[in-house]
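Chemist: Before we start, here is the structure in question, set down as structure tokens.
The values are calculated or read from the model by the stated rules, or taken from the named source; none is laboratory data. Remember, predicted model here, so these are calculated numbers, not experimental data. Neighbour counts are summed over all protein chains in view; Cβ atoms, including those assigned to glycine, are modelled from backbone coordinates with ideal geometry.
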Amino acid sequence: MADIYPCENIDFWTHMTPSEFGNGTTNEVWGWTDPLDGKEYVILGKSSGVAFIDIEDPANPLYLGTLPTHTVSSLWRTFRIFNNYLFVGSEANGHGLQVFDLTKLRNVSNPPATFAADAHYSGFGRCHTLAIHEETGMLYACGTNTYSGGLHVVNINNPLQPVIAGGYNLDGYTHEAQAVTYNGPDQDYQGAIIVFCYNGNNPANLTIVNATDPTDITTVSITGYPNSSYCHQGWLTADGRHLLMNDELDEYNGIVGNTRTLVWDVNNLDSPVYMGDFVGPTAAIDHNLYILDNLCYQSNYTAGLRILDVTGVENLDISEVAYFDHYLNDNLPTFDGTWMHYPYFASGIVPVSDIDNGLFLVEPNFLHIAPQQQMVPESETAYFQVDISEGWSGPITLTLEGLPSGFEVVWSENNIDSPQTVVLSITCPENSEGVYNLIVNGTGAFSEYRREVTLTVTPVASFCADLNNDNIVGGADLVIFYNEWNCTTNCIADINGDGEVSIEDFLVLINSYGENCLD
């Protein structure tokens, strides 16, 4: 099934259809890691409520149950987490803010269960998105029916008794927001609670506010940008110097061609500078993006999950380094396909929601090895080609697990940067017959990846087996052996000296080690 989805540098784990988690269309997705045992749970928004999925085994996720909507079904649902409590909003009228204790997921005796909210906040009705500043316990509801659709601030330090803390309406409707304790380069705002607001189309603005005092939120700056249509969402880079943003309607309205990611210099919060954009390879609409270390993870509707390397963002040196396209119909600028993703699980698993087709679990991996299995005779050397893909920030250290003592392991290069290709050679000692399941690990500046390979070490006589069961050991068996183990120059040398590595070299090898090998 994984083979049908176009992808690069991403491994596919599984797909859950809507029928596997209670039906309905899906929207937002987020994640919770239990602080007691590190178990990871996917939180999936759907039209009728919020589904909870245990992904301890990502190949076999377990649907635990649903928290139903507070009022009626809606295409839009939003949620964030504070102190193991989930806060849920929706565009449904009168929905307000549901509060749910996530520790209930630890002991679900008979899944799927129907859960009940533990508290409710009715200070607003509808809501489009939520942001939470964890250090202060302040929740910022965006797009509510209060404060002209601007920030509605809720104190959630007592999660079961949320209370209004303030609001901001000086620049109209806010679609999404990111709240941070500022520690970037602008010395005027060090330690302040800064909220980056993405303010729709009234006109479309990047609006930055100082929310240190939620009862007196002040404007830092309001800045437009060229070819705007609908300012949707954005995220700061790890160092706080730059910000990447998406405009949801510029592709849809034909203002631009292919997917456009807008790049800002925010070194001076009072005067952010629009630097330019990165144009993607498809015409899909960009939706949500989140940055982790040097990578920007984007949900781009019909083009699926796209990952950009933003290491060189200061010079607008951005490149797409991975993707997983689960919407197979097309890459047109329509509101189909992926809605959102969550890239912050420690395991590396990334859940991706598809509006009509459910949930996909994938995992970025920039480490590739070929072949993944080899057979060599004792006292010979196996060679594996190890490819380090662009986007993996180095230096990268490679190690090998799974071999006993006596084997000689050599890397042609190590402590490297991407992209790079190195050769792993493993020389087998005498009397080392066996099947060895090995793990190649790579540790970079931010990320670790691993691959499994198999090394089979056999006595030379094992090359002379009756593989096709015709009671004759001959050339046909050698062809089967050669093809099954993908034997190339990494597997055997040019023994007969004709300048090619081929089946004839196996014939020489066999004849050198036993007169009865061939009929």
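Chemist: Taking strands (runs of 3 or more DSSP E) that fall entirely within region 335-412, which contain at least 1 residues that are aromatic (F, W, Y) and not assigned by TED's automatic domain parsing to the domain that holds T456?
Modeler: Those strands (runs of 3 or more DSSP E) span 338-341, 358-364.
Chemist: So which residues in region 20-50 are part of a strand (DSSP E or B) and more than 19 Å from N83 (Cα to Cα), if there are any at all?
Modeler: Within region 20-50, T26, N27, E28, G45, K46, G49 meet the criteria.
Chemist: Any residue in region 253-267 that is at pLDDT 95 or above sitting within a Cβ distance under 6 Å of a residue that is β-branched (V, I, T) and outside any loop (DSSP other than H, G, I, E, B)? List the pairs, counting only those 6 or more apart or interchain.
Modeler: Close Cβ pairs satisfying both conditions: N258/V279; R260/V279; D265/V273.
Chemist: Given the criterion buried (at least 21 other Cβ atoms within 10 Å of the Cβ) and farther than 28 Å from T311 by Cβ, identify the matching residue among A179, A211.
Modeler: It is A211.
Chemist: Criterion first (in contact with a strand residue (DSSP E or B) (Cβ under 8 Å, 6 or more places away or on another chain) and at pLDDT 95 or above) does G149 satisfy it?
Modeler: The answer is yes for G149.
Chemist: Here's a follow-up. In this structure, does T237 turn out to be of a type in the set (S, T, Y) and buried (at least 21 other Cβ atoms within 10 Å of the Cβ)?
Modeler: Against the criterion (of a type in the set (S, T, Y) and buried (at least 21 other Cβ atoms within 10 Å of the Cβ)), T237 qualifies.
Chemist: Suppose we keep only residues that are among the charged types (D, E, K, R) and under 20 Å from the mean Cα position of the chain (by Cα) within region 303-334. Which one would you say is nearest to G280 (Cα to Cα)?
Modeler: E320
Chemist: Next question. Please determine whether any residue of region 156-169 is in a loop (DSSP other than H, G, I, E, B), in contact with an Asp or Glu (Cβ under 7 Å, 6 or more places away or on another chain) and touching a residue at least 60 places away in the same chain (Cβ under 8 Å).
Modeler: Yes, region 156-169 contains a residue that is in a loop (DSSP other than H, G, I, E, B), in contact with an Asp or Glu (Cβ under 7 Å, 6 or more places away or on another chain) and touching a residue at least 60 places away in the same chain (Cβ under 8 Å).
Chemist: Quick one: count up the residues across region 176-196 that are touching a His at 6+ places or on another chain (Cβ under 8 Å), of a type outside the set (V, I, T) and within 16 Å of W264 (Cβ to Cβ).
Modeler: Adding up the residues that qualify gives 1.
Chemist: Looking only at region 300-334, count every residue that is touching a residue at least 24 places away in the same chain (Cβ under 8 Å), part of a strand (DSSP E or B) and among the charged types (D, E, K, R) and tell me the total.
Modeler: The number of residues fulfilling the criteria is 3.
Chemist: For the subset of region 304-343 comprising residues that are farther than 26 Å from M275 by Cα and among the polar types (S, T, N, Q), which member is surrounded by the most Cβ atoms within 10 Å (Cβ to Cβ)?
Modeler: The extreme case among them is T338.
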